[in-house]
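**Q** Structure below; questions to follow.
None of the figures in this text is laboratory data; all of them are computed from the coordinates on show. Worth saying up front: this structure is predicted, and the values here are computed from it rather than measured. When we count neighbours, we look across all protein chains shown, and the Cβ atoms used for this are built from the backbone with ideal geometry, even at glycine.
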Amino acid sequence: MTTINEHSALVYVMVIVSASDGSMSDKELRTIGTVVKGLPAFSGFDSDRLVATAQQCAEILSEPDGLETVLSLVRDALPGHLRETAYWLALEVALTDSRVMLEEIRIVETIRRALGVDKLVAAALERGARARYQVV
């Protein structure tokens, strides 16, 4: 099995969530691009590689047991301190469209379990993510 680096793992998490409902919306793609360009976790990542990295993830997802393969790659690539960041990124992409589909809820929970993010920590991250998208 191949391995991926931490940056690719974080991108893979966002791609998984975005693709979970069968399509990657323009809003979700813009969010992914904005996050990659602005989040300190992506320091040193060549943003010109974003599309190629997302395509690699999509190729793996299209294979039999693709989701399990991608989650395994992500889990192996991410040190503990970036797993909560990955979960937050999953939430960020899921909330981008202002409507969270059932498929997205399921995949975010699958990511949480795969990365071993504590339920209490996940609840705090979820509440913070929801607060970020509140409107007047």
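**Q** What translational diffusion coefficient, to the nearest whole µm²/s, does region 28-108 have by Stokes-Einstein, given a Kirkwood radius computed over alpha-carbon pairs, a temperature of 25 °C and 0.890 mPa s viscosity? Show your work: numbers first, answer last.
**A** Working: Rh = 13.8 Å.
The estimated diffusion coefficient comes to 177 µm²/s.
**Q** Taking neighbour Cβ counts within 10 Å as the exposure measure, how do Val17, Val100 sort from fewest upward? Each step should come with its number before you reach the end.
**A** Values: Val17 27, Val100 17.
If I rank by nearby Cβ atoms, fewest first, I get Val100, Val17.
**Q** Using a simple spin-label model with points 7 Å from Cα along the Cα→Cβ vector, what separation in nm is obtained for Lys119 and Glu68?
**A** 2.5
**Q** Ranked from highest to lowest mean number of other Cβ atoms within 10 Å per residue, what is the order of the peptides 122-128, 86-92?
**A** Values: 122-128: 14.4, 86-92: 24.7.
Ranked from most to least packed, the peptides come out as 86-92, 122-128.
**Q** Compute the relative contact order of the chain as a whole-number percentage, counting only Cα pairs closer than 8 Å that sit 6 or more residues apart in sequence.
**A** The value is 35 percent.
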